[in-house]
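Colleague: Shown below is the structure under consideration.
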Amino acid sequence: MNKIKIILAGPRGKMGQEALKMIEETQHFELVAAVDSKNDGLQVKDLSGAPESMEAPVYDDMENCIQAVEADVVVDLTRPDIGKKHLELALNHGIRTVIGTTGFSNDDLKRLTALAEEKSTGAIIAPNFAIGAILMMKFAKEASKYLPDIEIIEKHHDQKLDAPSGTALKTAQLITEVREEKSQGHPDEKEDLEGARGAELEGIRIHSVRLPGLVAHQEVIFGGVGQVLTIRHDSINRTSFMPGVRLAVESVMNIEGLVYGLENIME
Ligand SMILES: NC(=O)c1ccc[n+]([C@@H]2O[C@H](COP(=O)([O-])OP(=O)(O)OC[C@H]3O[C@@H](n4cnc5c(N)ncnc54)[C@H](O)[C@@H]3O)[C@@H](O)[C@H]2O)c1
Ligand SMILES: O=C(O)C1=N[C@H](C(=O)O)CCC1
């Protein structure tokens, strides 16, 4: 079996360091290069937190990297503004891409879906790679048919750049596929302090907590007459995301067009 040749963007990040270990441990994966915001010309093994045996070159620019090495898949674990740029670049070169980076708007998704189709190239944007989080979203979608009054509380570490989280947005979007739009709370309610009721997506309130010590956590709370249902998921460390990254890399080799959400490729 031919190895899947990977370019990893963001190798020094919290997710990037885990992804390097996962790639090294996966026999049918090969890291052919990394894209970092600095360290152009170094080897991946020279980066802090990288496995000592990784002999792939580091580039500080995705375009240069794609021109220089032969790759099957770009994996991006960087930051919202960069992830979009890298996906666009990779698609324009016809290279399959897995994006774990969050912060994509509906307009971004529409534009990039059209580009992936135009280039007949596979891409996966996964707001959350953890299997438990996918199940939490799936169960929340199901529960919303019966208990349509819903609030989401997502909690992340305080280095996160985007709010609400990609997972919270995806959860709310999945719910809107089966739940009629409705307003929640008292019709006359008013915020005495702006933001007290959180953000809103088709009536669903989303509250974002950012604190040191947290990793990635979400509760979807359903209120009914005389009862409350809470569906909760916790990633307690970033190894929780790696089986999903592996699955996405394997799956993107066999798809055309853009898939948004790992639930669409899980059996
Ligand atoms: N989909 C998921 O399951 C999942 C899980 C965790 C994090 N995330 C997302 O993944 C992204 C990364 O998260 P993190 O916690 O590792 O963040 P991080 O801040 O630890 O790492 C981001 C890395 O990107 C690098 N970077 C910045 N600009 C770059 C550029 N131009 N080229 C290459 N690298 C560049 C930074 O140097 C940094 O090392 C975030 O968007 C986060 O929301 C997704
Ligand atoms: O650490 C982060 O940042 C995470 N981001 C994703 C999101 O925005 O949903 C997934 C969980 C971790």
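The values are calculated or read from the model by the stated rules, or taken from the named source; none is laboratory data. Since the structure is predicted, the reported quantities are computational estimates derived from the model, not experimental observations. Ideal geometry is used to build each Cβ from the backbone, glycine not excepted, and the neighbour counts take in all protein chains shown. Surface areas here come from the heavy atoms of the whole protein model, side chains and all, with no ligands, DNA or RNA. Shrake-Rupley method; radii C 1.70, N 1.55, O 1.52, S 1.80 Å.
Colleague: Can you go through 18, 30 and tell me which one is touching a residue at least 12 places away in the same chain (Cβ under 8 Å) and part of a helix (DSSP H, G or I)?
Modeller: That would be 18, the only listed residue that is touching a residue at least 12 places away in the same chain (Cβ under 8 Å) and part of a helix (DSSP H, G or I).
Colleague: Identify, please: which residue in the range 211-221 is more than 18 Å from the chain's Cα centre (by Cα) and in a loop (DSSP other than H, G, I, E, B) and is, among those, nearest to residue 145 (Cα to Cα)?
Modeller: 211
Colleague: Sticking with this one: Say whether the condition of being free of Cβ contacts under 8 Å to residues at least 40 places away in the same chain and in contact with a helix residue (DSSP H, G or I) (Cβ under 6 Å, 6 or more places away or on another chain) is met by at least one residue in the range 127-147.
Modeller: yes
Colleague: Out of the residues in the range 83-100 that are open to solvent by less than 50 Å² (accessible area, probe 1.4 Å) and part of a helix (DSSP H, G or I), state the one that is farthest from ligand 1 (Cβ to nearest atom).
Modeller: 91
Colleague: Shifting gears a bit: Check whether at least one residue in the range 52-73 is surrounded by 16 or more Cβ atoms within 10 Å (Cβ to Cβ) and within 19 Å of residue 166 (Cβ to Cβ), and report yes or no.
Modeller: No, the range 52-73 has no match at all.
Colleague: Return only the number of the condition from (1) closer than 29 Å to residue 90 by Cα; (2) touching a Leu at 6+ places or on another chain (Cβ under 7 Å) that residue 239 does not satisfy.
Modeller: The failed condition is (2).
Yes/no per residue for (1) over 15 Å from residue 124 (Cα atoms); (2) out of contact with any strand residue (DSSP E or B) (no Cβ under 9 Å at 6 or more places or on another chain); (3) at pLDDT below 95:
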| site | (1), (2), (3) |
| --- | --- |
| 180 | yes, yes, yes |
| 195 | yes, yes, no |
| 198 | yes, no, no |
| 218 | yes, no, no |
| 239 | yes, yes, no |
| 248 | no, no, no |
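Colleague: Does residue 33 satisfy the criteria of being within 17 Å of residue 93 (Cα to Cα), in contact with a Cys (Cβ under 7 Å, 6 or more places away or on another chain) and buried (at least 16 other Cβ atoms within 10 Å of the Cβ)?
Modeller: Judged against the criteria, residue 33 is a match.
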